[in-house]
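Notes to accompany the following structure.
The values are calculated or read from the model by the stated rules, or taken from the named source; none is laboratory data. Predicted model only: the values in this text are computed from it and were never measured. Keep in mind that these areas ignore ligands, DNA and RNA; they rest on the heavy atoms of the full protein, side chains included. Shrake-Rupley method; radii C 1.70, N 1.55, O 1.52, S 1.80 Å.
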Amino acid sequence: LDWALGIAQSEGKPIVFLANFGSNTGPTDGTSQFARTIDARFGAGREGRVFITGTGDDGGMENHASAAIAQGQTVEIGVQKGEAGNLRLDLWYEGGDRLDVEVVTPSGTFSYPAPQNGVRDTRTVGGSHGFAYYHNGAGTVFFGTTNGKREVLIDFSGQTGAYAVRLTGASITEGGVFHAAINPSRI
């Protein structure tokens, strides 16, 4: 961003910056360090600067899930992994809520309680299970966010097949709404 802006400034010209970032990752609510950097360089009051990004290069594949979970309720997100390689699910929810998580793989089901408020809970399950799991508490700054939300990040690296992520409302005080994105959605 700064390189392109420097050229426009040295030439005394306006700039339209077209960025194709591909699939979504991070909180997607404007609070990441990257989003704040774009806003600072191209946001309101920055005359002659326009920032454009495409809607993604997911080829029309569904890559977003969202719902509101009540306390004690369970919601399941199905994931069909159709190719070898890594598939990332990145899920964000309000910091005052707590969601317990189960990861269902072709080789079994693995359960993780939500971290307590303000605590970073990082768990990694080895390659024999085919995924890595991270559940960041509301006090953890991840992606440079300022939103106070919790994040569940799962990297599915195992075999192709049907996977699922089950979310259960352990403690719901802020509505139980989550947003999840999968990247790359072609898998």
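Order LYS13, LYS149, LYS81 by their accessible area, 1.4 angstrom probe, all chains in place, largest first.
LYS13, LYS149, LYS81
Report ARG88's accessible area, 1.4 Å probe, all protein chains in place, as a number in Å² to the nearest 10.
Estimated to the nearest 10 Å², ARG88 gives 80 Å².
How would SER66, SER171 rank on accessible area, largest to smallest, probe 1.4 Å?
Most to least solvent-accessible, the answer reads SER66, SER171.
Going from most exposed to least, what order do SER107, SER32 have by accessible area with a 1.4 Å probe?
SER107, SER32
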